[in-house]
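The values are calculated or read from the model by the stated rules, or taken from the named source; none is laboratory data. What you are looking at is a predicted structure, and each value in this text was computed from that prediction instead of being measured. Backbone-built Cβ (ideal geometry, glycine too); neighbour counts: all protein chains shown.
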Amino acid sequence: MSVAISFKDIVKKYGDTTVIPELSLDIKKGEFFTLLGPSGCGKTTLLRMVAGFNSIEGGALTFNEKVMNNVPPGKRNIGMVFQNYAIFPHMNVSENVAFGLQNRQVSKAEQQRRVSEMLDTVQISVYKDRMPKNLSGGQQQRVALARAIVINPDVLLMDEPLSNLDAKLRVDMRNAIKSIQREVGITTVYVTHDQEEAMAVSDRIAVMKSGVIQQIGTPRDIYQRPANLFVATFIGRTNVIEAELAAGANGEAEICLTKDYSLPIPKLQPLMGSKQPMKVKLSIRPEEFVLSEDGKGIAGKVMNYVFLGLNTHVIIKLENGEEVEMIQQSASNGVVEIGQNVRLAVVRETINVYDASGERNLNRGSGL
Amino acid sequence: MIGGKRRWDIWSLITFLIFAGYLIFLALPLFMLLIKSFFDGTTGDFSLAYFYKFFSKAYYMNAVWNSIKVTVSVTLLSIVVAGPLAYIMTIAKIKGSATVRILILISSMSAPFIGAYAWILLLGRSGVITKFVSNVFGVQMPDIYGFTGILLVLTLQLSPLIFMYVSGALKNVDNSLMEAAESMNCTGLKKMWKILVPLIMPTILAGGLLVFMRAFADFGTPMLIGEGFRTVPVLIFNEFISEVGGDNGFAAAISVIVVLFATAVFLLQKFVANRKSYSMSALNPIEPKKLKGIANVAAHAYVYLFTILAMMPQVYVAYTSFQKTSGKIFVDGYSLDSYRAAFSKVGDAIFNTFMMAGITIIIITLAAVLIAYVTVKRKGAVANLLDTFTMLPYIVPGSILGIALLVTFNKPPLVMSGTAVILIAAFVIRRLPYTIRSSAAVLHQVNDSIEEAAISLGTSTMRTFFKITVPMMISGVFAGAIISWISIITELSTSIILYTGNTRTMTVAVYTEVVRGNYGVAAALSTLLTVITVISLLLFFKLSGKKEVTM
């Protein structure tokens, strides 16, 4: 059944161009693991290496310690869901789902039993005799999923399976995928560029950029403690603000946002010996800004706001000319007007502090 | 769409006029053919004698049997040869594949009987290869005349159609389907048989039908290389020619049977293909990969061998056109004598061809624009009927349309036989579909709202059509017109029935020169045709930006 997948120093080259340089990664048995990143980051390439459709130019890919590099796709016992489903248009729903079983010496009766069981699981039994062209996108998606799982694969691979669906169906289907995966308990590798989708379905996420993994962690880790500025800006929305890090009066690390607004952040990694102030970048999510009640904070002016019911998005121009976004609970009392002068305070417990290059998170207890 | 009845406008008039044209030049002649076949030529009484004669004599049934044998064999062999060719060119990187595709296309665009006569020069009794083999190896080559020769010529000539159809279909097969099958351990031949073949089956059937109809209707090839192997078009031609001036009833009766048979095959194909058609669009098309080792060598050998065989007739004919001739035979040395002779002896045929094809193509272009618009944008019962009319020439063989036109227009009120008008009418009817289809394809891409926008801005219907719609569809119109043009100048089976001394075309001239054994002049004229075809194709590639042709 389910396997653990491990990449050891995997290299992928197209001709002389290296797309993935020495990547290592371990996916646990039964885990729902997502490869997330912008297009061209190598996530699909990595998935297709697991499937066996892409060659591996260096390193080892193992399923439960068994090296798979040169095993053809058909012998890997994988189930794959393609971006455009790849439902065979000349076969009806049952025939599509049964197709994989027919290549596996399963008796006719057993085939029928497993197909109808699987159609029940994905809730498309009523359509079992329909041809694919008479199915909606969501139904085709369920057929693709059923066809991939019915063969009891060791690994389930999904390549942007929801990108062709409309927004509402996408939410329904990702919940369905998650619950079916949990029910079957199969190791799943999922590729997407949609960070919200990744957070909704995954046990763990690897954020990739240019063939390199930037961070691996649970959705909560990745959102709250992004390893670098790329991850911070890619996952969710955030404001990046330059500031100075210095030692405060009592030796604690202190972030100086403006001349008269500083925040002590005790959890920061100790300054490396030097007492000199150092330039840093802050990632402050819109919900980490609040309207100051005691007059302390960064001065700014409300430029615009968008009322969205549950909350209100406010665009504020700071003194230095930069614009930042703040999200306010609509129910809270500080109602703003366009043109109003405000002071913004920062929720110092949750913000992230990076070195000037944005490569390293200075918050203690974070990092890879 | 606005509900309710569409009011009469300029388009209703245009539709009516096009309809009238089809009724006069297609429906009426076919109807006349039907009448002729059921009424005795001398007494004018209703009679089934012609049909009785046809079905009772072994001589005629033999021709039917021959035709079916040739047609079915050519169709199957073309699929067997060209299907794998298309598959190889899709999955494997072949060196010079762009050139190969163009060469295959060119080979399919020439008149088939030129292939027949070239293969006689190569493999006939005193053919170059035949002599070479018997002199060097002392081996007698198998006989090229009769069934074998027809099969060879027509297969080489028509399999490019299958190649183009299947290549087009394979382009729409998503590679994910192949990978999905592979991931479920369905690989190699099993994958092809269970996934690929069913998916492209409708295309194979459509291409097969086209090959079937062409092989069935072809007249020049069996006439030249058949040597007594009579097929139905040859039979019709002979019966018709020997009866000229008197009774055409028997030729008409055979024509009626042929049209019914062709219609039956057409409908059967439609029925089967419709039940099995899938709409596909490839998000990730199959990419050609570089094969390794023996597979790579075999793939290249297959592709190159086919291309060489397909191009051989035209290349060899072009070569002989520069050979010195003495009387009717080729002698050592090279000269342009054949070309001089061609221009002096049959200069009128060259002029006729350009004049008639030129006028035809102008009419076709105008008619195709209007018909495409009516059938695509003004759907309704009338438009559907018009669509069916435009499809008819696919089923009616050229020689039969020729006979039908001749029996209809050889007496008052409309006497046209012997004039260029009747040839032009035949060309328009037969070659219009290419331009209509190409124009309609472009028009399908044009959103209705674009016209609605123009009309909402106060532009009149006609002005919108000429200022907005026509410019948007013009590339498709021209591309189609070029294909129509090529198929007009290489047309033989209708011209051979309709021509008279004054309206002889180049293909007719080539055919008669070949029959007379005047190979030099025939070669010069054929080469000229090939050159025009190639130039036209290059123009087509430039205009359409594509490297393929839809038939």
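For the structure I just gave you, tell me whether B:I94 is outside any helix (DSSP H, G or I) and touching a residue at least 40 places away in the same chain (Cβ under 8 Å).
Against the criterion (outside any helix (DSSP H, G or I) and touching a residue at least 40 places away in the same chain (Cβ under 8 Å)), B:I94 qualifies.
Take the conditions in contact (Cβ under 8 Å) with a residue 24 or more places away in the chain, away from chain A (no Cβ under 14 Å) and either among the polar types (S, T, N, Q) or on the phi < 0 side of the Ramachandran plot (or both) and apply them to B:L205. Does it pass?
So B:L205 does not fit the description; no.
I'd like the full set of residues that are more than 14 Å from chain A (Cβ to nearest Cβ) and without any contact (Cβ under 8 Å) to a residue 12 or more places away in the chain, limited to segment B:265-291. Lay out the reasoning, then the answer.
Within segment B:265-291, the first condition is being more than 14 Å from chain A (Cβ to nearest Cβ), and the residues that meet it are B:265-271, B:288, B:291.
Within segment B:265-291, B:L267, B:L268, B:K270, B:F271 qualify.
Name every residue in segment B:181-196 that is of a type outside the set (S, T, N, Q) and touching a Gly at 6+ places or on another chain (Cβ under 9 Å), in order of residue number.
B:A181, B:E182, B:M184, B:C186
Given the conditions (1) at pLDDT 90 or above; (2) over 18 Å from A:V347 (Cα atoms), report the number of the one that A:S274 does not fulfil.
(1)
Is it the case, given these coordinates, that A:E160 is within 20 Å of A:I235 (Cα to Cα) and either free of Cβ contacts under 8 Å to residues at least 12 places away in the same chain or not assigned by TED's automatic domain parsing to the domain that holds A:R76 (or both)? Step through it out loud before you land on a result.
Working: within 20 Å of A:I235 (Cα to Cα): yes; either free of Cβ contacts under 8 Å to residues at least 12 places away in the same chain or not assigned by TED's automatic domain parsing to the domain that holds A:R76 (or both): no.
The answer is no for A:E160.
Given the options B:V470, B:V521, B:V515, name the one that is part of a helix (DSSP H, G or I) and under 30 Å from B:R101 (Cα atoms).
B:V521
Filter segment B:125-145 down to residues that are more than 17 Å from B:E227 (Cα to Cα) and not aliphatic (A, V, I, L, M) and give me whichever is surrounded by the fewest Cβ atoms within 10 Å (Cβ to Cβ).
Result: B:G138.
Out of contact with any Asp or Glu (no Cβ under 8 Å at 6 or more places or on another chain), β-branched (V, I, T), outside any strand (DSSP E or B) and at pLDDT 85 or above - does that describe any residue in segment A:324-343?
Scanning segment A:324-343, I find at least one residue that is out of contact with any Asp or Glu (no Cβ under 8 Å at 6 or more places or on another chain), β-branched (V, I, T), outside any strand (DSSP E or B) and at pLDDT 85 or above, so the answer is yes.
Results for (1) at pLDDT below 85; (2) within 27 Å of B:N66 (Cα to Cα), shown as yes or no for each residue.
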position: B:V232; (1), (2): no, yes
position: B:E243; (1), (2): yes, yes
position: B:A253; (1), (2): no, yes
position: B:V272; (1), (2): yes, yes
position: B:R275; (1), (2): yes, no
position: B:L283; (1), (2): yes, no
position: B:I286; (1), (2): no, no
position: B:K290; (1), (2): no, no
position: B:Y302; (1), (2): no, no
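In segment A:123-140, which residues are more than 21 Å from B:S277 (Cβ to Cβ), at pLDDT 90 or above and of a type outside the set (A, V, I, L, M)?
Within segment A:123-140, A:S125, A:K128 meet the criteria.
Look through A:N84, A:N96, A:N77, A:N103 and report the one residue that is under 21 Å from A:I177 (Cβ atoms), out of contact with any strand residue (DSSP E or B) (no Cβ under 9 Å at 6 or more places or on another chain), within 14 Å of chain B (Cβ to nearest Cβ) and touching a residue at least 24 places away in the same chain (Cβ under 8 Å).
A:N96
Kindly indicate which of A:V122, A:V126 is more than 14 Å from chain B (Cβ to nearest Cβ), among the aliphatic types (A, V, I, L, M) and in contact (Cβ under 8 Å) with a residue 24 or more places away in the chain.
A:V122
Restricted to segment B:498-507, and to residues that are part of a helix (DSSP H, G or I), surrounded by fewer than 24 Cβ atoms within 10 Å (Cβ to Cβ) and touching a residue at least 40 places away in the same chain (Cβ under 8 Å), which residue is farthest from the chain's Cα centre (by Cα)?
My answer is B:N502.
Going by what's in this entry, would B:A479 be described as touching a Leu at 6+ places or on another chain (Cβ under 7 Å) and part of a helix (DSSP H, G or I)?
So B:A479 passes the test.
For segment A:202-220, which positions are over 8 Å from the mean Cα position of the chain (by Cα), farther than 15 Å from A:L46 by Cα and crowded, with 22+ Cβ neighbours inside 10 Å?
Result: A:Q215, single match.
Does segment A:36-44 include one or more residues that are among the basic types (K, R), on the phi < 0 side of the Ramachandran plot and modelled with pLDDT of 90 or more?
Within segment A:36-44, one or more residues are among the basic types (K, R), on the phi < 0 side of the Ramachandran plot and modelled with pLDDT of 90 or more.
Restricting segment A:307-329 to residues that are surrounded by 12 or more Cβ atoms within 10 Å (Cβ to Cβ) and among the polar types (S, T, N, Q), which is nearest to A:R285 (Cα to Cα)?
A:Q328
Taking the condition in a helix (DSSP H, G or I), polar (S, T, N, Q) and within 14 Å of chain A (Cβ to nearest Cβ), does B:T221 pass?
no
Which of the residues spanning segment B:153-187 are within 10 Å of chain A (Cβ to nearest Cβ) and either under 30 Å from B:G220 (Cβ atoms) or free of Cβ contacts under 8 Å to residues at least 24 places away in the same chain (or both)?
Across segment B:153-187, the qualifying residues are B:L177, B:E179, B:A180, B:A181, B:E182, B:S183, B:M184, B:N185, B:C186, B:T187.
Looking at segment A:129-147, which of the residues that are in contact with a helix residue (DSSP H, G or I) (Cβ under 8 Å, 6 or more places away or on another chain), crowded, with 18+ Cβ neighbours inside 10 Å and within 14 Å of chain B (Cβ to nearest Cβ) is farthest from B:A181 (Cα to Cα)?
Only one residue tops the list, namely A:L135.
Identify, please: which residue in segment A:34-74 is crowded, with 16+ Cβ neighbours inside 10 Å and among the basic types (K, R) and is, among those, farthest from the other protein chains (Cβ to nearest Cβ)?
Going through the qualifying residues, I end up with A:K43.
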